[in-house]
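Just so you know, all these numbers are worked out from the coordinates, no wet-lab data involved. Everything numeric here is computed off the predicted structure, so don't read it as measured data. As a convention, Cβ positions derive from the backbone with ideal geometry for all residues, glycine included, and neighbour counts pool all protein chains shown.
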Amino acid sequence: MALTTYVEAIRQGIWEEMEKDERVFVLGEDVGIYGGAFKVTAGMLERFGEWRIIDTPISESGIVGAAIGAALMGMRPVAEMQFADFISCAFDQITNFAAKCRYRWGAGVPIVVRGPSGGGVHGGPFHSQNPEMYYVHTPGLKVVCPATAYDAKGLIKAAIRDPDPVIYFEHKFLYRRVKEELPSDDFVVPIGKAAIRRTGSDMTVVTYGAMVYIALEAAKELEKEGIDLEILDLRSLLPFDKEAVLDSVRKTNKVILLHEDTRIGGFAGELAAIISEEAFEYLDGPIRRITAPDTPVPYSPPLEEFFLPKASDIVRVARELYAY
Amino acid sequence: MALTTYVEAIRQGIWEEMEKDERVFVLGEDVGIYGGAFKVTAGMLERFGEWRIIDTPISESGIVGAAIGAALMGMRPVAEMQFADFISCAFDQITNFAAKCRYRWGAGVPIVVRGPSGGGVHGGPFHSQNPEMYYVHTPGLKVVCPATAYDAKGLIKAAIRDPDPVIYFEHKFLYRRVKEELPSDDFVVPIGKAAIRRTGSDMTVVTYGAMVYIALEAAKELEKEGIDLEILDLRSLLPFDKEAVLDSVRKTNKVILLHEDTRIGGFAGELAAIISEEAFEYLDGPIRRITAPDTPVPYSPPLEEFFLPKASDIVRVARELYAY
Amino acid sequence: MKVNSTNSQTLARDAVPPITIPTDKTLLDMLYYMKLTRELEFRIERKLYRQGKIVGGVYVGRGQEAIAVGSCIDLRADDVVCPSHRDMGAFLIRGMPLRTILAQYMARKTGATRGKEGNMHMGDLSKNLIAFVSMLGDNVPVAAGIGLSMKMRGQDRVVLCFFGDGATSRGDWHEGINMASVWKVPVVFVCNNNQYAYSTPLERQMAVENIADRAEAYGLPGEIVDGNDILAVSDSATRAIERARSGHGPTLIECKTFRMTGHSAHDDAGYVPPELFEYWEERDPINRFERFLTERGLTTTSALDQLQTRINHEIDDAIQLAEKDPFPDPEDCLKDVYDEGE
Amino acid sequence: MKVNSTNSQTLARDAVPPITIPTDKTLLDMLYYMKLTRELEFRIERKLYRQGKIVGGVYVGRGQEAIAVGSCIDLRADDVVCPSHRDMGAFLIRGMPLRTILAQYMARKTGATRGKEGNMHMGDLSKNLIAFVSMLGDNVPVAAGIGLSMKMRGQDRVVLCFFGDGATSRGDWHEGINMASVWKVPVVFVCNNNQYAYSTPLERQMAVENIADRAEAYGLPGEIVDGNDILAVSDSATRAIERARSGHGPTLIECKTFRMTGHSAHDDAGYVPPELFEYWEERDPINRFERFLTERGLTTTSALDQLQTRINHEIDDAIQLAEKDPFPDPEDCLKDVYDEGE
Ligand SMILES: Cc1ncc(C[n+]2csc(CCOP(=O)(O)OP(=O)(O)O)c2C)c(N)n1
Ligand SMILES: Cc1ncc(C[n+]2csc(CCOP(=O)(O)OP(=O)(O)O)c2C)c(N)n1
Ligand SMILES: [Mg+2]
Ligand SMILES: [Mg+2]
């Protein structure tokens, strides 16, 4: 069977949901004839027509607002942000209108807002952001960050079917670098469930998105030294799989929290608090974080390389923690 | 000497800076003839004229954008958000333009964006928010949350003088409920320095804003049982006084992290991570968090009371932790 | 820009077709809903609020009643309304019970939002009423999206979306109107231009004279209406609704009116020149309409008294019930953040 | 709306005063900067990018050179420019060295942003050049604020703020233009209307024909200019700058032009009908201006060749230097998030 890339998996997921459910439609900038800046919607205009694949003006807030309106009428809009960085322009509609709607007056807003996030392609401060925490800190939203083609497809389908607003951050570095064979049947990946990417006994690395691969790389390296990492891919950040995190930490007794997002207020802090509250007595060493530093994402390759967490960082921290 | 309220302290701070430095000006909705929804700018129009106290259209993003432009030209704008909840509409300008400007091309943006945050006045989901973490998670910004009239004045003055963008969240519940005698000289409270509000030996409560008073209330109660709380008021969240937190935890060996903001992705997570990383071996018990639950801020009094952390919550958690 | 009004002094009659007068039944319904709105908001703002029975802030539409009532009276049940914070009439016409509204203001479990939200932040999908969020202008792209869903599905429904003059300065207003016009979706945008945004008069908000002047920038028709003239409002709205329903896209209707109170119950509007209140008091939409109906023989002084008495009773009863209604349970705080299944 | 152009076919000459022709020196400067822009961007997009020497994305203003050059040529040094992503000419006129620009594109430490930022995201306060942020339209309220600071201080400086047609759909654009107009601040808004936003043609962005039609919604003058006619651009800009400088507030100038490439270096613009490229190729702003100068006796074929050779050398030299320039030190990543004192 052919291998499916991460980006193609997203495309397939949306496509299948559109075939199955006529309430599903896509709106965003250049999603129509152009098929989206990263071709996630390629071919959809021809198949579904211009009232289900809607090219919009450059109006991120308006796009999300319109998605909310359609969702309130029973539709299932999938709004594309051309880069996840531009979701900042729709922050108010997402956090105030969509997130709080059900709570305020019982009206669910089943929208998906998706877009390419993450660095590694020299996109600079406005084409590399990891904006997940702004939404993770907003009750009423769900936030997912798939790392594999399987999850990319399974989570976009779950997101579209979800009765609540889901923010779906795809990692642009993975778009064409990650591929795998996908089952041909209709599958979803449930929102809120983590996956163990490597079973290990010495310490746990909790991570998500593109960092999963960095962790796997480090694990290979550390294996040679007899340090055995368990790697947990969260897949969803809100809600997140607390039990999976705690189970793994209770087993390995040491933990590294890893993300590409910046440090202060990043997801690792939340995890550290949870672990400390609920698995304190299992800890045999300090909880360690590996994250990007607290700066914008710089553009020049040496700077960006410095910015992004690397396998060597994990190797170094894991050695320290192992020796603790 | 007369007592000065928290809200009057902010007014005085802005006023004094405007007297001293003609680059300082205020812009926002209804700040002129009306003196601001909470009267923070009362009397300023008469004193400083309509080109230094500028009533704007309802355009939060525009207000912050205009402040940025003026700041780039050497001015010191103080932008008022009528409620801190509406800062969401300016999220993009703040996090993308202001926060990243110096890093990107060396141009500092000395603006202050301030507004009333926090609950306790039955304002409901859109007049009660604590939006601090969205900005704490944004490198390039500074974020302060004063709890006392002294700090309110000293921090607004420090914020106006600061060469970088400062987000200043005042707590509306404290506006007229908190007062103290203020020194008559020109003082500032340095951004990034915490204050110990109560010295104690059994455990540390790290908090900020209106929660400082809840902690003090709990401390009085616990004192009777012989549990001695140390209360640390962070005052600034970005940068925050890591050393003060670590020093106190190393002394008391137990810690409660308290905030009015919601839990997931709240500041307590960041603190938990830091403490676990840097004071792990000093901890004699799990790090405990007391926060609002992960919901919007509800309006009806019984709901809002349930939502807000209470002294009794601290008492309960402190007893548990004491017994650990 | 021409103005639609039955007051010939302000009227450029050639600009719009002659005003169509609704049926007698509709005329009397209009009167009822305007008077009900007036009395209900009077009780809320001037009685219950001062008695400390209202929780949180209060914003009323005193003097602006003709706008929501005149534009909503002829909607179909499957049409959708996005009211702003001064459009109580919309809720009443769509059938939200008085008790539900009062319980909302008193933060009871039986309120429209079960105590989660305050005052005008009410909605009910079963009545096609979309709850306002405080962030002014946010409902404009949402209305565009509602219209979009109707167009996509080939429905002949329409959306009415309300906002104030101040809200038109928001970026979301611009994005929403623009998208609605590009997509030609069935939305009628109704601006309550009451000349002030809180304390800020029009000339500090915009450098044009009329909100309707902005319509040209989006390629949609704009119309100015005497917002204190319910016949003019309903006439313009009816035409715009028909336009939208028949697939000709959105319209922007600017209703000139005045906010006959402070911005909210705690604001004495000291910044408003008293002459302005006097000027507009003379143009009170209810008095004016009562005169019209009297002249037309559709009502009399005693019939008006009876109507007022009936309204008073309806509200008295609703207040009594709402006051006895329970507050929500504290733990309800945790409910309905997400879908909780059946 | 009338169009300012020296092409009598598209010209409604009564609409604007006759075009003022700048001095010979200025005319030759214009030619130089347009040709320098064209060649520099050609090298970046068609040579260096394809050789893999450019880091990240590339957006050029091929075919649009007359706009930035024509509107910036007469600014004073203390005036401020907020370029958008297709206004290379503005950087050149304001004196940003070729080497600095090329080093920027090659992500070197010597680039305008020391490697922190890419491509057109350059700024330099000492040259009164404000760096663009990607979020389209964000520079509009910023420009309003710059103008505000000038007005507050009684300075007779002006701001030029550039954006594309697509950016006018953003809420920030609306908020910024509105504030600038209400405050009557000295800003000249220049729209590069190149008919497309990425793959999206005008009619899917807005329901009006001209960007300038939007000016009326804000109470500021709007003017349509043949953006491929540098004399028309500079004429309109000069008048608008003068208006702003003398305290009469902002102007919106719409320059009709065409993007003679894909959206960025990796886009083949397959969605653009080829006839459009042909149509606009005939109206190339540089060819047209060269003909004008030749007819006027200000240049000759051989002088043009010499000029091109000089430009080629200047760029060759700058590329050589920039290519040898160092990359930033990795740890520079941590610097300048905040003020670090002296
Ligand atoms: C985005 C936003 N900014 C500020 C406010 C605070 N606010 C509430 S009502 C109001 C004035 C609204 O004016 P207008 O739109 O004319 O409506 P009116 O109250 O006059 O009916 C303001 C500034 C808000 N609700 N939302
Ligand atoms: C807020 C925002 N949304 C989306 C983008 C992605 N984007 C970059 S350029 C562009 C098209 C811009 O069109 P226009 O304003 O007409 O300028 P042009 O590129 O045609 O010069 C888009 C959609 C962006 N930069 N900012
Ligand atoms: Mg108003
Ligand atoms: Mg364009």
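Observations, loosely collected:
- The convex hull around the C-alpha trace of the protein assembly as shown, projected and averaged over every direction, spans 49.8 square nanometres.
- Amide proton proximity set for D:G164, modelled H, under 5 Å, gap of 5+: D:N192
- Residue-by-residue Karplus 3J(HN,Hα) for the stretch C:291-301, coefficients 6.51, -1.76, 1.60, Hz, glycine and proline x: 4, 4, 5, 5, 4, 7, x, 8, 8, 9, 4
- Here the peptides A:282-294, D:38-50, D:61-73 are ranked by packing, the mean other Cβ count within 10 Å, and the order with the highest first is D:61-73, A:282-294, D:38-50.
- In chain C, helical runs assigned H by DSSP with n ≥ 4 each contribute -39500 (n - 2.57); averaged across all residues and rounded to the nearest 500, the mean residue ellipticity at 222 nm is -11500 deg cm²/dmol.
- Residues whose placed amide H lies under 5 Å from that of A:M203, excluding near-sequence neighbours: A:D228, A:E230
- Peptide D:159-169 shows a mean partner chain C-beta count of 3 within 10 Å per residue C-beta.
- Against the main long axis of the alpha-carbon atoms of chain B, helix B:242-252 sits at an angle near 20°.
- The mean number of Cβ atoms from other chains found within 10 Å of a Cβ in peptide A:284-294 is 4, as a whole number.
- For chain A, the longest principal axis of the C-alpha atoms and the axis of helix A:211-224 are separated by about 20°.
- From phi via Karplus (6.51, -1.76, 1.60), per-residue ³J(HN,Hα) for the stretch C:144-151 in Hz, x at Gly/Pro: 4, x, 5, x, 4, 4, 5, 5
- If the segment from A:D202 to A:R177 were pulled out straight at 0.36 nm per residue, it would be longer than the present Cα-Cα gap by 6.1 nm.
- Computed helical MRE - 222 nm, chain B, DSSP H runs ≥ 4 contributing -39500 (n - 2.57), nearest 500: -10500 deg cm²/dmol
- Separation of the stretch C:49-64 from the stretch A:40-62 is 44 Å, based on Cα centroids.
- Distant-in-sequence amide H partners of B:S117 (H built 1.01 Å from N, under 5 Å): B:A84, B:E170, B:H171, B:K172
- Chain A pair-distance distribution - Cα-Cα, 10 Å bins, rounded %: 6, 27, 34, 22, 9, 1, 0
- Rounded, prolate or oblate (a/c below 1.5 giving rounded, otherwise prolate when a/b exceeds b/c) for the stretch A:4-180 by Cα gyration tensor: rounded
- The mean number of partner chain beta-carbon atoms within 10 angstrom of a residue's beta-carbon across peptide A:72-82 is 4.
- FRET efficiency for C:K25 and C:D268, using Cβ-Cβ distance with R0 set to 41 Å, rounded to 0.05: 0.55
- Between copies, the label points of B:P293, set 7 Å from Cα on the Cα→Cβ line, lie 4.2 nm apart, reported in increasing order to one decimal in nanometres.
- Sequence-separation-based contact order of the stretch A:4-180, relative, with Cα cut under 8 Å and 6+ spacing, percent: 27 percent
- For chain B, a Gaussian network of Cα nodes joined below 10 Å ranks B:A66, B:A98, B:A194 by mean-square fluctuation, and the top entry is B:A66.
- Distance-filtered residues of the stretch A:293-317 - backbone nitrogen under 18 Å, label point 7 angstrom along D:E331 Cα→Cβ: A:293-295, A:302-308, A:313
- Of B:K153, B:K242, B:K172, the one that fluctuates the most in a GNM where chain B has Cα springs shorter than 10 Å: B:K242
- A straight line joining the Cα centroids of the stretch A:255-324 and the stretch B:220-264 runs 24 Å.
- Rounded to 10°, Cα long-axis angle of helix A:6-20 versus longest principal axis of chain A: 40 degrees
- With R₀ set to 22 Å, the beta-carbon distance separating D:E39 from D:Q320 gives a calculated FRET efficiency near 0.90.
- Gaussian network model of chain B, springs between alpha carbon atoms under 10 Å - residue of B:Y208, B:Y34, B:Y103 with greatest fluctuation: B:Y103
- In chain D, the beta carbon lying closest to the axis that superposes D onto C belongs to the residue given here with its whole-angstrom distance, D:G171, 1.
- Shape category assigned to the stretch D:26-70 from the gyration tensor of Cα positions, a/c cut at 1.5: prolate
- Taking all Cα pairs closer than 8 Å and separated by 6 or more residues, the relative contact order of chain B comes to 16 percent.
- Relative exposure of A:M211, D:M179, judged by other C-beta atoms within 10 Å (fewest first): A:M211, D:M179
- With label points set 7 Å from Cα along Cα→Cβ, the inter-copy distances at B:E305 are 6.2 nm, sorted shortest first.
- Across the stretch C:224-237, rounded Karplus estimates of 3J(HN,Hα) from the backbone phi angles (6.51 cos²θ - 1.76 cosθ + 1.60, θ = phi - 60°) give 9, 10, 5, x, 9, 10, 5, 5, 5, 4, 5, 4, 5, 5 Hz, Gly and Pro being marked x.
- Measuring against 21 Å, Cα to Cα, the residue pairs C:K116/C:K324; A:K153/A:K179; C:K127/C:K335; A:K100/C:K109; B:K100/D:K151; C:K47/C:K116 contain C:K127/C:K335; B:K100/D:K151; C:K47/C:K116 as the ones spanning a longer distance.
- Ranked list, fewest to most other Cβ atoms within 10 Å of each Cβ, for A:I68, A:I33: A:I33, A:I68
- Rel. contact order, % - alpha carbon contacts under 8 angstrom, at least six apart, chain D: 22 percent
- Cα-based reach from D:K25 at 18 Å (exclusive), listing lysines while leaving out same-chain residues under 8 positions away: D:K35
- Note on C:L28, D:L27: ascending count of other Cβ atoms within 10 Å places them as C:L28, D:L27, the fewest first.
- Between the stretch D:98-172 and the stretch C:246-287, the C-alpha centres lie 41 angstrom from each other.
- The alpha carbons of the stretch B:195-322 occupy a box of 43, 34, 24 Å along the principal axes, longest dimension given first.
- Label 7 Å beyond Cα on the Cβ vector: A:E243 copy-to-copy distances, nm: 4.6
- Prolate/oblate/rounded call for chain D, Cα gyration tensor, a/c under 1.5 rounded: rounded
- By the rule of a second cysteine Cβ within less than 4.7 angstrom, chain C holds isolated cysteines at C:C72, C:C191, C:C255, C:C333.
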